[in-house]
Amino acid sequence: MTDEKLIELLKSMSLSEKISQLVQLHGGYFGEARQLTGPEQQFNISGKRAYSIGSILGECGFEHLKSIQDGFIENQPHHIPAIFMADVIHGFRTIFPVPIAQGASFNPGLTQKIGSAAARECSSAGLHATFSPMVDLARDSRWGRCMEGTGEDPWLNSRFAESAVKGFQGDSCGESGKIAACAKHFAAYGSALAGRDYSSSELCERTLMEDYLPSYEAAVKAGVELVMTAFNTVDRIPCSINKKVMRKILREKMGFEGVLISDYNAIGETLAHGACADKSEAARRAMNCTVDIDMMSDCYLNHLEDEINSGRVDAKLLDEACLRILRLKNKLGLFENPYKDGSIENEKEYIYCDEFLKLSRTAAEETTILLKNNGILPLDTNKRIAIVGSLAASRKITGSWAIFAQEEHTVTLESALKELYADADITYICKDVITAEELLKISQCDAVIVAVGEDQSRSGEGKSVAETVISEEQSALLGLVASCNKNIVSIVFGGRPLCLSDVDEVSSAVIEAWLPGTCGAYAVADILFGRVNPSARVPMSFPYSTGQLPLCYSELPSGRPKPNEERYYPFMSNYMDVPNKPLYPFGHGLSYTRFEYSDVSLSSDVMKKGETITAEVTIKNTGDMDGFEPVQLYIHDVKASVSRPVRQLKGLQKPFIKADESLTVSFTIDEEMLKFYDEDMDFTAETGEFEVFIGGTSEAMNRTSFWLED
Ligand code: GLC
């Protein structure tokens, strides 16, 4: 439909009809067997009015959605189809590694592939949009939703954000097999105070602008069709009614012209925040913030009409919001084909297809981190091996947002090993409490694999913890095994960087498997036995102690920087009881081969504003296995009008280098990379010295420096 026709349609709609387009409800209102329950009954909506809303969340299945859509076409006064949205966060039926694991791949291209596969699979089941990617930066692993983001670094998160959008949407969300993506949660949801979900965000403006907002801006620049408001406050104002965040920053500064959707009842929750006296005020203030869709509250549904009729809300705002929603439906092609890619044939062709199952395996090969290895890995299939720990036999390793996954399809580590390494001498004791006889057997093995960490029920929304350690039962199991066998390989599952210092102490090797998805366990098995050479890196610091949180590599130096990590220094910025540094820092990860870096060379040691210089290193694979190496470029602004982080990631490449071969990698450094918000909050680069580090971790000391001049 042309935009002119859309505007004609808008003009022909009644006030009530326009408001209904701004409402999103879950499927509890539609389909035969559903009953209105609990809060929904308070919305006092049923029948024809239900079929006039703009969108539905959380339903799937072509035939089910077709029947609902047919109800819309029949009952909606202008036969306007609904948009079907759902949380396809990292896969629909076929589940890929959780987003924090994808961040560990240090390969945004992988996330684009995953987004494309998820879009193809879920669109075949009738879905039109996903509430993904979650691009919230997180530096506190007490927050359970760090599982849904790609870690602590603004630059890396931005690359993953744009890749996810491209994967889900392609060049246009109306293309076959593509869906509309939604960047969330705007803004700074990951800065939840004390890591407690839904708590406030207490950031200075500079940290908000420089660290927490870039990934949303990257998603907007990549053309994301929707942005979702966050539950938390910014500047002590709930985001859904925060004019500065929504209008000044998102709409005006970032230029977002797409659909702004509230999180689940987030507009209604402004009353609990104590920021709105009633739902009329909530509706008014959210509308004034250009929030287009009210998800699962009745503020717009039952209160916006009065606000407009009374003149307290400008009717123009409603028209603009409704037009943005109609334009999204038009982009999706729903006026021509309200079912888009949904069909029984497509469901049969794409759901759990071999291509996607294979991708869920190869993705996990890139997301599984080798954190420690004293040489015990890769394991030898001729050696006597035992595997213990209930997580090794658990199917609950797909993630708390794998809501459409069917658990019987998930491969466990135990089943993967039995299938791929049937000839190996492996004793399976996949439980957390073992007998004396089993312990004797373990003591006679050459190596013991111990599965520890968290299953999917321990991370995700509302899953904050005060202690980010493995369970007492797992600690006891590890201690028991260590008492009779020193050759321990710990496999850690979970959706957050746990405190693994006790695990590290008794393990010869530590692997972070995260929540690897439907077929990810195959990858873990292949890494254990060396068929796959690991290349993943830490996307979010693994602390020694929860007490170090929040934690990130790109911290400010402080006025009393700790001279080194050797010991405690009185009256310096350090702890008496634990190091400042994390156990495993951002960018850290091991390989089965070795990569040696040459010195960093610059095309010039002076860079004029507006010009560029090139930084180069040559990397040699000195081991005997081919492998990928995430080459990281960090820059440190030595002196500026405000204190600057000790270093920041500004470039990344992940070349494949064959054993005994070398490769030269170059990065272009430009002025944009050097900009920050100066003491007047102007975004600028200041002249002076900049250090350049290039290496395979954020602790790389391979450095040189240049001067920026006017
Ligand atoms: C939830 C989450 C959000 C999700 C939405 C719809 O509360 O905060 O990420 O997309 O509701 O399920």
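The values are calculated or read from the model by the stated rules, or taken from the named source; none is laboratory data. Just so it is clear, the model here is predicted, and its values are computed rather than measured. We place every Cβ from the backbone using ideal geometry, glycine too, and count neighbours over all the protein chains shown. These accessible areas exclude ligands, DNA and RNA; they are computed on the full protein's heavy atoms, side chains included. Shrake-Rupley method; radii C 1.70, N 1.55, O 1.52, S 1.80 Å.
Over the stretch 595-709, accessible surface divided per residue gives 44 Å², non-protein components excluded, 1.4 Å probe. The per residue volume of the convex hull around the alpha-carbon atoms of the stretch 1-156 is 167 Å³. Can you compute the FRET efficiency between N75 and H409 using 1/(1 + (r/R0)^6), with r the Cβ-Cβ distance and R0 = 35 Å? Round to the nearest 0.05. Step by step, r from the Cβ atoms, then E = 0.45.
Across the stretch 51-58, computed HN-Hα scalar couplings (Karplus, 6.51 cos²θ - 1.76 cosθ + 1.60, θ = phi - 60°) run 7, 10, 6, x, 7, 10, 10, x Hz from first to last residue, x flagging Gly and Pro.
Seen against the Cα atoms of the chain and their longest principal axis, helix 108-124 is set at about 40 degrees. Rounded to the nearest 20, the Cβ-based charge dipole of the chain about its Cα centre (Lys and Arg +1, Asp and Glu -1) stands at 540 debye.
Relative to the longest principal axis of the Cα atoms of the chain, the long axis of helix 154-169 lies at roughly 50 degrees. Name the lysines eligible as straight-distance cross-link partners of K441: C-alpha to C-alpha under 30 Å, and not fewer than 8 places from it in the same chain. Of all the lysines, those that pass the test against K441 - Cα under 30 Å, at least 8 places apart if same chain - are K372, K383, K396, K418, K431, K486.
Test of understanding: extend the Cα→C-beta vector of L420 to 7 Å, then name every residue of the stretch 381-414 with backbone N under 18 Å from that spot. Zone members listed by number: 381-383, 385-388, 391-398, 409-414.
When the Cα atoms of the stretch 595-709 are aligned to their principal axes, the ranges along those axes come out at 53, 23, 18 Å in descending order. Taking 25 Å as the limit for the C-alpha separation, the pairs K253/K639; K48/K348; K184/K243; K18/K340 exceed it in the case of K253/K639; K48/K348. The antiparallel fraction among DSSP beta bridges confined to the chain stands at about 50%. Between amide H atoms placed 1.01 Å from N, distances below 5 Å from E555 occur with V646, R647, all of them 5 or more places distant or on a separate chain. Taking only the alpha carbons of the stretch 191-311, we obtain Rg and Dmax values of 14.2, 43 Å in that order. A convex hull fitted to the Cα coordinates of the stretch 337-379 yields 88 cubic angstrom per residue. Pairwise Cα distances in the stretch 358-548 exceed 29 Å for 15 percent of all pairs.
Computed from backbone phi, the HN-Hα couplings of the stretch 621-630 come to 7, 8, x, 10, 10, 5, x, 8, 10, x Hz, rounded to whole numbers (Karplus: 6.51 cos²θ - 1.76 cosθ + 1.60, θ = phi - 60°; Gly and Pro given as x). Summing Cβ point charges (Lys, Arg +1; Asp, Glu -1) relative to the Cα centre of the stretch 358-548 gives a dipole of roughly 320 debye. Computed per residue of the chain from DSSP H runs no shorter than four, each worth -39500 (n - 2.57), the mean residue ellipticity at 222 nm is -8000 deg cm²/dmol.
Taking amide H atoms as placed 1.01 Å from N in the peptide plane, the amide H of I613 lies under 5 Å from those of I669, each 5 or more residues away in sequence or on another chain. Helix 354-367 and the longest principal axis of the Cα set of the chain meet at an angle near 50°. Excluding ligands, DNA and RNA, the accessible surface per residue across the stretch 358-548 is 34 Å² with a 1.4 Å probe. Residues within the reach of a label modelled at K383 (point 7 angstrom out along Cα to beta-carbon, backbone nitrogen below 19 Å), restricted to the stretch 516-555, are 524-534.
At full extension, E8 and A482 could sit 163.3 nm farther apart than now, given 0.36 nm per residue minus the alpha carbon distance.
Computed about its Cα centre, the charge dipole of the stretch 349-411 is approximately 460 debye, with only Lys, Arg, Asp and Glu carrying charge at their Cβ. Applying the Karplus relation 6.51 cos²θ - 1.76 cosθ + 1.60 with θ = phi - 60° to the stretch 671-679 yields 3J(HN,Hα) values of 4, 4, 5, 9, 7, 7, 8, 6, 5 Hz, where x marks Gly and Pro. You can think of it this way: the chain between N309 and S601 has 98.4 nm of extra reach, that is 0.36 nm per residue less the Cα-Cα gap. Kirkwood-type hydrodynamic radius, the stretch 72-223: 15.8 Å, calculated from all non-identical alpha-carbon pairs.
Diffusion coefficient of the chain by Stokes-Einstein, Kirkwood radius over Cα pairs, 10 °C, 1.306 mPa s: 60 µm²/s.
Computed on the stretch 117-183, the Cα convex hull volume stands at 75 Å³ per residue.
Amide hydrogen proximity for Y584: with H placed 1.01 Å from N in the peptide plane, the residues at 5 or more positions away or on another chain lying under 5 Å are F542. Give me the percent of the accessible area of the chain that comes from carbon and sulfur atoms, probe 1.4 Å, all protein chains in place. Within the chain, the accessible surface is 48 percent carbon and sulfur.
Return the subset of K113/K221; K620/K654; K178/K650; K221/K608; K11/K331; K331/K358 for which the Cα-Cα distance in this structure is over 23 Å, preserving the input order.
Table pairs above 23 Å Cα-Cα are K178/K650; K221/K608; K331/K358.
Taking 0.36 nm per residue of separation and subtracting the Cα-Cα distance, full extension of the segment from A466 to E699 would add 81.1 nm.
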